[in-house]
Amino acid sequence: MNQKIDITKYVVSQSGLPTDDKNIRLTVAAWWYSTRKKDEGGLRLTEQGFECVSKYIKSYKVRFQEEFHYNNQLLIRLDRFINCPWYLKNKEIYVFDDKMAVQLVLFSGNIEKFSSAKARSLKSS
């Protein structure tokens, strides 16, 4: 099954809401930026999704060194390389996996360097 759907079903059931297919489809559309089914990635949360998911799953905040403006290429890379739910703001990123949080902290919260390093490591493999 799809990780996005599993997470959505878990949070919806914990909230006491119905977990029928129609409700899950509507919730997925409201909580996730990408509703496509993918084996990896595609786990960027909308603001509503972040608020709901963070009530039931622990998130980790990684602050950026400085405020920056992201572009489409960076968002696509992050969507591809971050393998857990994540939520992006101008000064911080929230991830729902401790290992991913540590990786981001090791890059001093610089997600541009993080995404570039991940892209380079894929090219060399």
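The values are calculated or read from the model by the stated rules, or taken from the named source; none is laboratory data. Predicted model, so just to flag it, every value in this text is computed and none were measured. When we count neighbours, we look across all protein chains shown, and the Cβ atoms used for this are built from the backbone with ideal geometry, even at glycine.
Looking only at segment 4-47, how many residues end up being of a type in the set (Asp, Glu) and in contact (Cβ under 8 Å) with a residue 40 or more places away in the chain? Before you say what the answer is, go through the steps one by one.
Looking only at segment 4-47, we keep the residues that are of a type in the set (Asp, Glu), and these are 6, 20-21, 39-40, 47.
Cutting the leftovers down to in contact (Cβ under 8 Å) with a residue 40 or more places away in the chain gives us 40, 47.
Going through segment 4-47 one residue at a time, the tally reaches 2.
Within segment 21-41, can you find the residues that are modelled with pLDDT of 85 or more and surrounded by 14 or more Cβ atoms within 10 Å (Cβ to Cβ)?
The answer is Asn23, Ile24, Thr27, Val28, Trp31, Trp32, Tyr33.
Could you say which residue among Leu75, Leu106 is of a type in the set (A, V, I, L, M) and closer than 20 Å to Val53 by Cβ? Walk me through how you get there before you give the answer.
Details: Leu106 fails: closer than 20 Å to Val53 by Cβ.
Answer to the selection: Leu75.
Which count do you get for residues in segment 1-37 that are of a type in the set (A, V, I, L, M), closer than 25 Å to Asp79 by Cα and in contact with a helix residue (DSSP H, G or I) (Cβ under 7 Å, 6 or more places away or on another chain)? I'd like the intermediate steps shown before the answer.
Our first condition is that a residue be of a type in the set (A, V, I, L, M); within segment 1-37, this holds for 1, 5, 7, 11-12, 17, 24, 26, 28-30.
Those still in the list that are closer than 25 Å to Asp79 by Cα too: 1, 5, 7, 11-12, 24, 26, 28-30.
Okay, now just the ones that are also in contact with a helix residue (DSSP H, G or I) (Cβ under 7 Å, 6 or more places away or on another chain), so 5, 7, 11-12, 24, 28, 30.
So the answer is 7.
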